[in-house]
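Reading through the structure tokens given below for one structure.
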Amino acid sequence: MTMASIGQKVISFIYFTLIARSVGAESTGKYFFALAFTTVFVVFVDLGLTNVLVRESAKAREKIQAYFSTILSVKIVLGIISYIAAVVVINIMGYPVETKQLVYLSAVTMLFDSLHLTLYGVLRAIGDLKYEAISITVSQLLTLALGSTFLFLGFPLVFLILAFTIPSFLNVCFVTVVLYKKFKINLTPHYDKKIFKYIGRIAIPFAFAAIFARIYSYMDSILLSKLAGDVAVGWYSIPYKITYAFQFVPLALVAVLYPRFSECFVLDRGRLSYIFERGIKYLLIIVFPIAVGIGVLSSDIILSFFTDEYINSILPLKILLAGLVFSYISFPIGAFLNACNRQVTQTIIVGIVMIINISLNVALIPVYGVVGASVTALVGNILLTVLGYAVVPKITKISHSFLLKTFLQIFLSAAVMGVSVWYVNKFVYFGVAIIIGAIVYMLMIFLTRTITKSQINEAVLMLRR
């Protein structure tokens, strides 16, 4: 799954780069806005039901069909309501016909995505992930192939959304066949009031957390479109996609840490603290060279991959890269709170950050445009990290001195690397500067004793588990 997620991010980034280079900033902004707009609405189709399906079905596999059929019946109703709501809202907002068409088709795609999310949730409960891993990669490759063909033929912008719709539909067909042929689970909706009351009660905190997180993540693009225009969204989409591409790292590590947090919260608080501190350390070791390295080379990267039409994406990229550091840390903190029965606290934190995020965007975008949206995202990531970290010591004892020492060691190593990359880049191609920067960073983290050989072995062992 991790390898499939990495492959998906790489292919997705290639596809988005082709779009940005081919259609220009304004059309890229329309395309990105349509996806962001419908992504906010599609969260109301699921409302945390798939998370509950996976958890409860894993406990009682004999009830998988009953749980799945009930959730499917509810999601069909929620899907119809959400689609109608998306159509009504986009028309009320007064967008042009082309943008409306993009949203209409994108919303259909998101409905298929939400459906196969639940279908694969059944396979996750069973414990068979290989089909999901295969579909993630194959569907993204199909999107790349279809989208590239449509770009080459000069088809209208809506066909770039269709390149997502077709693979998403085929994905539903694929997983439906797998579930029926291998596990005799059929795609038949059947509402059971008793089951829904049981599932719905559990899903409430998951639903609020999902809604808050989705609005927080995508409202900046929607507000940017309304307050600054499609070109501004196009400029913003580039740094957003670049930073988003690296989020598979904390997601992969959190997948390892989350069950350990839950286990140690009950059995060993000392071990809980140890794992939390090392998780933060590992992520800082990874994120600092990414943020500093790309930040130093941001001009070369933007102009080389996306042309000079996106020169206004350079400063926002640097700002979002600073936010990436805090974003990485917020992942294990959020997982820690959820694993230690503080999911309500985590939901409240995300809700607070969402409100602040929207308020800042409304205030800053009219004045500073894309830079204002980027600063707001940075502030949001800082708040998520700080507010969550403030709760952690109430659960278990944390060595703040260890984390501060680690932060300073890694910061120094990344700073030396950044200076090296900046200097080398003055004389050679930036690809060479990246290689030299990587070597310098590895030397520095050993010289500063940020990591030792035994700690590398420990990290490898954790990832293998």
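Dividing the convex hull volume of the alpha-carbon atoms in the stretch 334-379 by its residue count gives 51 Å³ per residue.
Under the definition of Cα pairs under 8 Å and six or more residues apart, what whole-number percent is the relative contact order of the chain? Intermediate values should be presented prior to the final figure.
On the way: 592 pairs, mean separation 91.0, N = 465.
Rounded, it is 20 percent for the chain.
Excluding same-chain neighbours fewer than eight residues apart, the aspartates and glutamates reachable from Lys426 by a Cα-Cα span under 20 Å are Asp300, Asp308. At 1.306 mPa s and 10 °C, plugging the Kirkwood radius over alpha-carbon pairs of the stretch 229-465 into Stokes-Einstein gives what diffusion coefficient in µm²/s? Approximately 83 µm²/s, per Stokes-Einstein.
In the stretch 402-465, the ratio of gyration radius to Kirkwood radius, Rg to Rh, stands at 1.09 when only Cα atoms are counted. The phi-based Karplus calculation (6.51 cos²θ - 1.76 cosθ + 1.60; θ = phi - 60°) puts the 3J(HN,Hα) values of the stretch 401-410 at 5, 4, 5, 5, 4, 4, 4, 5, 4, 5 Hz, whole numbers, x for Gly and Pro.
Arranged by the count of other C-beta atoms within 10 angstrom, fewest first, what order do Cys340, Cys173, Cys264 take?
Numbers: Cys340 23, Cys173 12, Cys264 20.
Exposure proxy ranking, most exposed first: Cys173, Cys264, Cys340.
Using θ = phi - 60° in the Karplus curve 6.51 cos²θ - 1.76 cosθ + 1.60, the 3J(HN,Hα) couplings for the stretch 171-185 round to 5, 4, 4, 4, 6, 4, 5, 4, 4, 6, 5, 8, 10, 6, 9 Hz; x is entered for Gly and Pro.
Each residue in Trp422, Trp235 was given a count of other beta-carbon atoms within 10 angstrom of its own, and listing them fewest first yields Trp422, Trp235.
Dipole size in debye (nearest 20) for the chain around its Cα centre, Lys and Arg Cβ +1, Asp and Glu Cβ -1?
On the way: 36 positive and 18 negative charges, 325 e Å.
The calculation lands at about 1560 debye.
The ratio of the alpha-carbon radius of gyration of the stretch 235-376 to the globular-protein estimate 2.2 N^0.38 Å is 1.21. Taking a straight Cα-Cα cut-off under 16 Å and skipping sequence neighbours fewer than 8 places away in the same chain, the lysines within cross-link reach of Lys181 are Lys130. In angstrom, the C-alpha Rg and Dmax of the stretch 1-191 are 17.4, 53.
Magnitude of the charge dipole for the stretch 1-191, about its Cα centre and with charges confined to Cβ atoms of Lys, Arg (+1) and Asp, Glu (-1), is about 460 debye. A convex hull fitted around the alpha carbon atoms of the stretch 312-399 yields 79 Å³ per residue.
Between Arg449 and Asp128, the distance separating the two model label sites (each 7 Å from Cα on the Cα→Cβ line) works out to 5.2 nm. Rounded to the nearest Hz, the phi-derived 3J(HN,Hα) couplings of the stretch 289-296 under the Karplus curve 6.51 cos²θ - 1.76 cosθ + 1.60 (θ = phi - 60°) are x, 5, 5, 6, x, 5, x, 5, where x marks glycine and proline. The convex hull built on the alpha-carbon positions of the chain has an orientation-averaged projected area of 22.3 nm².
Over the stretch 229-465, what relative contact order in percent results from Cα pairs under 8 Å that are six or more residues apart?
On the way: 248 pairs, mean separation 60.5, N = 237.
Reported relative contact order: 26 percent.
Using Cβ counts within 10 Å as a stand-in for footprinting exposure, how do Thr28, Thr38 rank, fewest first? Walk me through the intermediate numbers first.
Values: Thr28 29, Thr38 26.
Lowest to highest Cβ neighbour count: Thr38, Thr28.
None of the figures in this text is laboratory data; all of them are computed from the coordinates on show. Just so we're clear, the structure is a prediction, and the values are computed from it rather than from any experiment. So basically every Cβ, Gly included, is an ideal-geometry build from the backbone, and we count neighbours across all protein chains shown.
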